[in-house]
Amino acid sequence: MFDDIGILIAGIPAIIIAMVVHEYSHARVAYALGDYTPQLQGRLTLNPVAHVDPIGLLMLFIVHFGWAKPVQINPMNFSNPRRDDILVSLAGPASNLITAFVFTIMLVLMVKFHIPFSEGLLVVFKLIIIYNINFAIFNMLPIPPLDGSHILRNVLPYEMARAYEQLERYSFVFLILIIATPILDYVFVPLQRFIFGIFQGIVNILL
């Protein structure tokens, strides 16, 4: 069985993969929609150095709350700023869910075809799946500056959107509150089960 140190070490590649996939997808979709800002900042790469914030990564291990280097975009470069900002915002969480599903399929295939794998690899795969799902859920929370807040802001009427933007000054307080209280348990656990249920249903159809 893995001890706490083993889980911590196994979690490093899982967290890095989740961060890199998330930020790269933001950058790639923004670029595809006409904003070259991510390209100019060197974000159109899967190289972790371009996306991982060392302090944010360290904080993720210490207090289970961290961050990557946010991809900067300029909505004025989009042909349809509201729609395209929503698409860019959705790209990160969507890519995390796709990554989690791909590793779920790989794990199922390894078991089904009796491909030998170590306990360490099993733990890494499971953590990649869990962390990517958690990244998707967390970033869809409607708290500025998370992706969910970008989506909500763009679907609100203009005056409500401007008022909503003012909440960003209190975003760190909101994040601390939900992390320090059981609120996330009531959000993450049901959504995790729902996503796993969808994965299981698709796997049963495919395999």
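The values are calculated or read from the model by the stated rules, or taken from the named source; none is laboratory data. Computed from a predicted structure; not experimentally measured. With ideal geometry, Cβ positions are generated from the backbone for all residues, glycine too; neighbour counts draw on all protein chains shown.
Key figures
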item	result
Cross-chain or 6+ apart pairs with Cβ under 7 Å, the stretch 152-163 first and touching a residue at least 24 places away in the same chain (Cβ under 8 Å), then in a helix (DSSP H, G or I)	ASN154/ARG82; ASN154/ASP85; ASN154/ILE86
Selection within the stretch 67-104 - assigned to a helix (DSSP H, G or I) and touching a Gly at 6+ places or on another chain (Cβ under 7 Å)	ASN77
Filter result (aliphatic (A, V, I, L, M) and free of Cβ contacts under 8 Å to residues at least 60 places away in the same chain) within the stretch 59-100	MET59, LEU60, ILE62, ALA68, VAL71, ILE73, MET76, LEU87, ILE98
In the stretch 31-42, the residues that are surrounded by fewer than 22 Cβ atoms within 10 Å (Cβ to Cβ) and in a helix (DSSP H, G or I)	TYR31, ALA32, THR37, GLN39, LEU40
Top-ranked residue of the stretch 115-146 - restricted to ones that are assigned to a loop (DSSP other than H, G, I, E, B) and within 25 Å of ILE178 (Cα to Cα), ranked as modelled with the highest pLDDT	MET140
SER95 under 19 Å from LEU175 (Cα atoms), at pLDDT 95 or above and surrounded by 13 or more Cβ atoms within 10 Å (Cβ to Cβ)	no
Output for the stretch 53-78, where each listed residue is under 17 Å from ASN132 (Cβ atoms) and in contact with a His (Cβ under 7 Å, 6 or more places away or on another chain)	ALA68
Out of PRO54, PRO70, sole residue that is surrounded by fewer than 16 Cβ atoms within 10 Å (Cβ to Cβ), of a type outside the set (Gly, Ala, Ser) and within 15 Å of the chain's Cα centre (by Cα)	PRO70
Flag if ARG28 is loosely packed, with under 15 Cβ neighbours inside 10 Å, in a helix (DSSP H, G or I) and either charged (D, E, K, R) or touching a Lys or Arg at 6+ places or on another chain (Cβ under 6 Å) (or both)	no
TYR186 being of a type in the set (Ser, Thr, Tyr), farther than 19 Å from ILE86 by Cβ, touching a residue at least 40 places away in the same chain (Cβ under 8 Å) and part of a helix (DSSP H, G or I)	no
Tally, over the stretch 143-175, of residues that are under 23 Å from MET19 (Cα atoms) and hydrophobic (A, V, I, L, M, F, W, C)	8
Top-ranked residue of the stretch 57-66 - restricted to ones that are surrounded by 14 or more Cβ atoms within 10 Å (Cβ to Cβ) and either part of a loop (DSSP other than H, G, I, E, B) or out of contact with any Phe, Trp or Tyr (no Cβ under 9 Å at 6 or more places or on another chain) (or both), ranked as modelled with the lowest pLDDT	PHE65
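This table checks each residue for (1) surrounded by 12 or more Cβ atoms within 10 Å (Cβ to Cβ); (2) modelled with pLDDT under 80; (3) under 20 Å from the mean Cα position of the chain (by Cα).
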position: ARG153; (1), (2), (3): yes, no, yes
position: LEU156; (1), (2), (3): yes, no, no
position: ARG169; (1), (2), (3): no, no, no
position: LEU191; (1), (2), (3): yes, no, yes
